[in-house]
Amino acid sequence: MSRVLLFTGKGGVGKTTLSAATAASLAAHGRKALVVSTDPAHSLGDALDVRLGAEPSEVDGAAGLFACQIDPRGLVDEAWGDLRGHLRTVLAGAGVDELDAEELTVLPGVEELLALAEVRRLAASGPWEVVVVDCGPTAETLRLLSLPEAFAGYLERLFPTHRRVVRGLLAGVAGTGSVEKWDATADALSRLAERLDALRSMLADSSSCSVRLVLTPERVVAAETRRTLTALALQGIRVDSVIANRLVPSPGAARGAAASWLRTRRQEQDAVLAELTGIGEIRTVDHRASEPVGVPALLEVAEQLYGDSDPLPGAAVSESLLEVSGSGRGLDARYSLRIALPLSDDTELDLARVSDDLALTVDGRRRLVALPSLLRRCIVTGAEMDSGGVTVGFRPDPSLWR
């Protein structure tokens, strides 16, 4: 399985350029690298100055550098069409009107989900060591990365595993009149479930998959970056680097209107970066006089970004961690669950107990955190929040504690 680096950031911050520059640098250092775009508004080919298709091809003049632009529509027609046909059969047999069945099987997010599945396929089957992904803007990427878990949950509710494995069990219930039709549907659903599990495993494996956040030193962008760090940590996805792009050059002791503008703008940018120091090391890239297009120009960007260091490793900026501590014995025991998340003063946080899970909602994004077995027999007593995360208190539930 190749290492996967996902580049994302607010629209227009330069993530396509930096992802292409990273891949070009990896290839220049002797690694085979594939850079792939999942952004619906593809511009990767423009950055590399080559024509790209849906299948990877080696970039002329850059040995070891491959690139492609994923075609989500084509993936839907190829992979989802077969399953949709099976589901329409089951739904129609269950008494759902044909038109309604058609609408019910057009699920939002399928294109993005299949694009992510294609990334995993390329990472698992290609000759490259690293797959660099130029993702869409931050909001779309967060939705994309949450889809495998969400779809897996929906699939399990609609067609539970224990029912799918019993061949023909639902054929009569659905009214299809054919065991073979249900078996075909069950097979298609099982294949989808396996792909979702593989995607979730890839995203959760911090040793093989991580995110690099790109920002420009502006307060609005920096605020979104902080929220993105929290949202990714909430999903258990590792961020290994933050890159500040387009820093204007310092004019030094120069005078004049242009120098004054540059000095003021750079001071504003430095102030924004100073406010972000709590999130760890931030790599910086200067604003260039000309747009970096083509491999030679991209390598110049990579040289400033990474210097003599290896572009591949990155120190973890955030990682979701659960830690349980406690003291006392029996019903007098008190426990705490620490959930490590990068939080800011204006973060909106909500906690709720849902059976054996803790429902954690941060700035409108909700995630169910599975409680360790010890805490499932406890009652939540309160919670405290700081910049490093949330600490939830527990005490034994007398009705469950034995």
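The values are calculated or read from the model by the stated rules, or taken from the named source; none is laboratory data. Quantities reported herein were computed from a predicted structural model and do not represent experimental measurements. Note: ideal-geometry Cβ built from the backbone for every residue, glycine included; neighbour counts use all protein chains shown.
Residues are listed down the side, and each one gets a yes or a no for (1) surrounded by 20 or more Cβ atoms within 10 Å (Cβ to Cβ); (2) free of Cβ contacts under 8 Å to residues at least 60 places away in the same chain; (3) aliphatic (A, V, I, L, M):
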site	(1), (2), (3)
Leu215	yes, no, yes
Arg226	yes, no, no
Ala231	yes, no, yes
Val239	yes, no, yes
Arg255	no, yes, no
Ala259	no, yes, yes
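Within the range 389-402, residues that are free of Cβ contacts under 8 Å to residues at least 40 places away in the same chain have Cβ atoms under 6 Å from residues that are surrounded by 13 or more Cβ atoms within 10 Å (Cβ to Cβ) in these pairs: Asp397/Arg377; Asp397/Cys378; Asp397/Ile379; Leu400/Arg377, counting only partners at least 6 apart in sequence or on another chain.
What do you reckon, is Gly328 in contact with an Asp or Glu (Cβ under 6 Å, 6 or more places away or on another chain) and either modelled with pLDDT under 80 or polar (S, T, N, Q) (or both)?
For Gly328, the condition - in contact with an Asp or Glu (Cβ under 6 Å, 6 or more places away or on another chain) and either modelled with pLDDT under 80 or polar (S, T, N, Q) (or both) - is not met.
Give Thr391, Thr381 a once-over and let me know the one that is part of a strand (DSSP E or B) and exposed (fewer than 15 other Cβ atoms within 10 Å of the Cβ).
Thr381
Among the numbered criteria (1) surrounded by fewer than 22 Cβ atoms within 10 Å (Cβ to Cβ); (2) modelled with pLDDT of 85 or more; (3) among the aliphatic types (A, V, I, L, M); (4) not in a helix (DSSP H, G or I), which one does Val211 miss? Val211 satisfies every listed condition except (1).
Just wondering, is there one or more residues in the range 69-86 that are modelled with pLDDT under 95, closer than 30 Å to Leu247 by Cα and surrounded by 16 or more Cβ atoms within 10 Å (Cβ to Cβ)? Checking the range 69-86: at least one residue is modelled with pLDDT under 95, closer than 30 Å to Leu247 by Cα and surrounded by 16 or more Cβ atoms within 10 Å (Cβ to Cβ).
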